[in-house]
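A.B. asks: Pasting a structure below so you can have a look.
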Amino acid sequence: MPLISIDDVAEKPFDYIIIGGGTTGLTIATRLSENPEISVLVLEAGAANFNHPLISKSSQHGFQFGNPDLDWCFQTTPQKHGLDVQYYWNRGKTLGGSSSINFQLWVHPPKADVDNWERLGNPGWNWDMFEQYSSRVYNVDKTKLQVDGWKIWDATKSYGTGNVKVSLPNVIDSDIKFRESLVMMGVPKAPAPYHGNPNGAYINIGTYDPNDYSRVDAATAYLRPNLLRPNLVILTSALVHNLIFDSADGDLVATGVQFSSTTDKTPRRAYAHREVVLCAGAIKSPQVLELSGIGQAKVLKQIGVPLRLELPGVGENVQEHQVVGVANELKEECPDMTYDLLRDEKEYAAHGELLTQGKGLHTIGITNLTYAPLSTFSGMARAKELYSAQKKKIEEHKKKGVYPPGREEQYNLLLDLLDPEKGNPDVELVGFPGYISFPRLPIPGKRYYTLCAVLNHNFSRGTIHATSRDPYSNPEMDPHYFENDIETQSMVETVKWLRRLAQTMPIKENLDHEHNPGPEVQTDEQVEEWVKKGSITVFHTIGSCSMLPLNKNGVVDPNLKVYGTRNVRVADLSIVPLHIAAHTQSVAYVIAERAADIIRSSAKY
């Protein structure tokens, strides 16, 4: 069914109501509506934005950020352990969600990271599951999977049968020199980056249509080919306030949702015969539960919402990746085009024309990723020192009983995973063809290549909670960045290593000088201060509705059903209980595909 008006939905019944038309929401809606006997309503707070040039045209990384028509424009609290810096947590507010404004990286996590979800009490949520469902999502372009001796894909594995087209975008000379310099610095090539072992450097593919380099997101891959299904109803500009409940034998039964148009904000209702599926993302999903009376009693009391069901894990166990970029100005004679050129209106227009020829900046992407243990960058002795200090801190806290239920099990798995002697990947390097570095701004007219360091397995745990019963008020987000010194020092050591990399051939041939942090930042203390001022999020928030046993502060069970409810599920990145060394787009799609199977199986149709 085409996009409809609010009057076509208000007071109407549907079999399933899906809250959020983002990556997971559209995937699930498409799968459920394959059965013509089933009616599905999707409520999306953003607009449709079909063919929006800031979405469909690739490689405009960050251009959508701060635009309230496309971005929620979330912001964290000042970080107590991070010099009171506030972080922007940009998220897609549009059909397609964050798959419509992300950096288009298609990354698979390490096998051990996914298997740890099962070890935390979630049978079937393991690497075999990931491989099975991800192959339903992607469709890998086979034409450019062997580049300069770098094998991207194992030819014995499936190239996928899914809707999401994945291909290798064009690269610039500095990309090639970056990975060659990694090898010169002793970083091995990853043996199987898309098949469970990304330990090392590799060439990354992304969500680009190989025919025209356009962005592939959940809206283009799942929704638009099926938009005219009469049983699939999409309402945009519709913000969900809360779930409507009845009780049955002690369980809450969702009978519908209350929502409003973002233009007039008058509360309306729609009704669900079967289930309500919450796909609002790791920031909004816990807020919707809390505004529905599900969460911590003290949080609900503070915002004046009657408690319907106490679940202490709602909004807890929040984990997020961090990145910091060392920006190097390119030499004048370097021929590389970088994203910096798109900040000029004339260049932007020119590259729009080049795109029609399959050329220009809208055809290049982020293609260099490296995942490696901290010891690769700090040296084994320093890695063991930091690891031992963190292990000692955790053991002391265990004895004092300061951890909430379930935290010890998570930390035990992390300590086992990050033991320096085991050499598992943790720290990530990214070669970025442009300027992505803070707090110093780039010089207009200059081109940059940024060497990025990313933390993937933080011990720090944050919170996301509603601070008002007003659904239009954003929740409070506190990731607790830099709460553990191992995270701070890991970034410091990796930044120092990246500076050495910049002086290594052949990447050194292209780099003129370091612009940020710059030569005035030299000592470890200065680097630490710069890291705390200049790091940003990687937009990979997880854990706020964790899939864990109820007695371990879980919010949903392995079937994604909210504990204490009969027909409410959460199916987005908020359910991931322990973070992964990967960008999260592929994981979101896998969660959605598996959720659709779970829902269909439970309905027996």
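A.B. asks: Could you work out how far the C-alpha centroid of segment 412-456 sits from that of segment 299-314, in angstrom?
C.D. replies: 37 Å
A.B. asks: Can you list residues whose amide H is under 5 Å from residue 326's amide H, if they're 5+ apart or on another chain and H is modeled 1.01 Å from N?
C.D. replies: Close amide H contacts, sequence-distant or interchain: 451, 452, 453.
A.B. asks: Given charges of +1 on the Cβ of Lys and Arg and -1 on the Cβ of Asp and Glu, with all other atoms neutral, how large is the dipole of segment 178-254 about its Cα centre, in debye to the nearest 20? List each step's numbers first, then the result.
C.D. replies: Details: 5 positive and 7 negative charges, 86 e Å.
That gives a dipole near 420 debye.
A.B. asks: What are the residues whose amide H is under 5 Å from the amide H of residue 426, where those residues sit 5 or more places off or on another chain and H is modelled from the backbone?
C.D. replies: Under 5 Å from the amide H of residue 426 lie the amide H atoms of 372, 374, each far enough along the sequence or on another chain.
A.B. asks: At 222 nm, what helix-only mean residue ellipticity would the chain give, in deg cm²/dmol to the nearest 500, using -39500 (n - 2.57) for each DSSP H run of four or more? If you can, show how the numbers build up before the last one.
C.D. replies: Working: 14 runs with 159 residues, N = 605.
That calculation yields -8000 deg cm²/dmol at 222 nm.
A.B. asks: Go through 333-339, 44-50 and give me the packing order, highest mean Cβ count within 10 Å leading. Show your work: numbers first, answer last.
C.D. replies: Values: 333-339: 17.4, 44-50: 21.7.
Descending packing order for the listed peptides: 44-50, 333-339.
A.B. asks: So who's got an amide H within less than 5 Å of the one on residue 47, skipping anything under 5 residues away but keeping other chains? H placed 1.01 Å off N, in plane.
C.D. replies: Under 5 Å from the amide H of residue 47 lie the amide H atoms of 95, 237, each far enough along the sequence or on another chain.
A.B. asks: Relative to the longest principal axis of the chain, what angle (0 to 90°, nearest 10) does the C-alpha long axis of helix 173-184 take?
C.D. replies: Once rounded, one gets 80 degrees.
A.B. asks: In addition: Determine the shape class of segment 485-582: with a ≥ b ≥ c the square roots of the Cα gyration tensor eigenvalues, call it rounded for a/c under 1.5, and otherwise prolate if a/b is greater than b/c, oblate otherwise.
C.D. replies: Working: a/c = 4.07, a/b = 2.91, b/c = 1.40.
Taking the square roots of the gyration eigenvalues as a ≥ b ≥ c, segment 485-582 is prolate.
A.B. asks: Rounded to a whole number of µm²/s, how large is the Stokes-Einstein D of segment 327-431 at 37 °C and 0.692 mPa s, given Rh as the Kirkwood radius over C-alpha pairs? The partial results should precede the final answer.
C.D. replies: Details: Rh = 18.1 Å.
Calculated translational D: 182 µm²/s.
A.B. asks: Please list 3J(HN,Hα) in residue order for segment 454-470, calculated via the Karplus relation 6.51 cos²θ - 1.76 cosθ + 1.60 where θ = phi - 60°; whole Hz, with x for glycine and proline.
C.D. replies: Once rounded to whole Hz, the list reads 10, 9, 10, 10, 5, 7, 5, 10, x, 9, 9, 9, 5, 10, 7, 7, 6.
A.B. asks: Shape call for segment 143-219 from the C-alpha gyration tensor, a ≥ b ≥ c root eigenvalues: rounded (a/c under 1.5), prolate (a/b greater than b/c) or oblate?
C.D. replies: oblate
A.B. asks: Mind listing the phi-derived Karplus ³J(HN,Hα) values for segment 8-24, rounded to whole Hz, using 6.51, -1.76 and 1.60 with θ = phi - 60°, and x for any glycine or proline?
C.D. replies: My calculation for segment 8-24 gives 6, 10, 4, 6, 9, x, 9, 5, 10, 10, 10, 8, x, x, x, 4, 7 Hz in order.
A.B. asks: Going highest first, how would you order 276-285, 530-539, 427-436 by mean Cβ packing within 10 Å? Please report the intermediate quantities before stating the final value.
C.D. replies: Working: 276-285: 28.6, 530-539: 21.3, 427-436: 24.8.
In descending order of packing, they fall as 276-285, 427-436, 530-539.
A.B. asks: I've got another one for you. With everything on Cα atoms, drop me the angle between helix 345-355 and the longest principal axis of the chain, reported from 0 to 90° to the nearest 10.
C.D. replies: The answer is roughly 80 degrees.
A.B. asks: Count the net charge of all other residues whose Cβ sits under 11 Å from the Cβ of residue 128, scoring Lys and Arg as +1 and Asp and Glu as -1.
C.D. replies: Values: positive: 111; negative: 115, 118, 131.
Computed value for this residue: -2.
A.B. asks: Sticking with this one: For residue 322, what charge total do you get from the other residues with a beta carbon under 11 Å from its beta carbon, if Lys and Arg give +1 and Asp and Glu give -1? Don't skip to the answer; put the middle values down first.
C.D. replies: Numbers: positive: 532; negative: 320, 428, 487.
Local charge sum for residue 322: -2.
A.B. asks: If you don't mind, there's one more thing I want to ask. Roughly how many debye, to the nearest 20, is the charge dipole of segment 406-486 about its Cα centre, given +1 on each Lys and Arg Cβ, -1 on each Asp and Glu Cβ, and no other charges?
C.D. replies: Taking the Cα centre of segment 406-486 as origin, the dipole is about 660 debye.
A.B. asks: Further question on the same structure: Can you compute the charge dipole magnitude of the chain about its Cα centre, using +1 on each Lys and Arg Cβ and -1 on each Asp and Glu Cβ, nothing else charged? Give it in debye, rounded to the nearest 20. Please list the in-between numbers first.
C.D. replies: Numbers: 60 positive and 71 negative charges, 158 e Å.
Magnitude of the dipole: close to 760 debye.
A.B. asks: Report, to the nearest 10°, how far helix 485-502 tilts away from the longest principal axis of the Cα atoms in the chain, using its own Cα long axis and a range of 0 to 90°.
C.D. replies: The answer is roughly 40 degrees.
A.B. asks: Return the sequence-ordered ³J(HN,Hα) values of segment 126-143 in whole Hz as given by the Karplus equation 6.51 cos²θ - 1.76 cosθ + 1.60 applied to θ = phi - 60°, using x for Gly and Pro.
C.D. replies: 9, 5, 4, 4, 4, 4, 4, 7, 5, 5, 7, 8, 8, 9, 7, 5, 8, 6
A.B. asks: Could you pull out the pairs from 532/552; 111/392; 57/346; 111/165; 57/359; 384/508 whose alpha carbons sit more than 21 Å apart here? Intermediate results must be reported in sequence, preceding the final value.
C.D. replies: Working: 532/552 32 Å; 111/392 27 Å; 57/346 16 Å; 111/165 23 Å; 57/359 13 Å; 384/508 31 Å.
Long pairs (Cα-Cα over 21 Å): 532/552; 111/392; 111/165; 384/508.
Rule-based calculations on the coordinates, nothing more; no lab input. It should be emphasised that the depicted structure is a prediction, and the values quoted were computed from it without experimental measurement. Because the Cβ atoms are built from the backbone with ideal geometry, glycine has one as well, and the counts that use them run over all protein chains shown.
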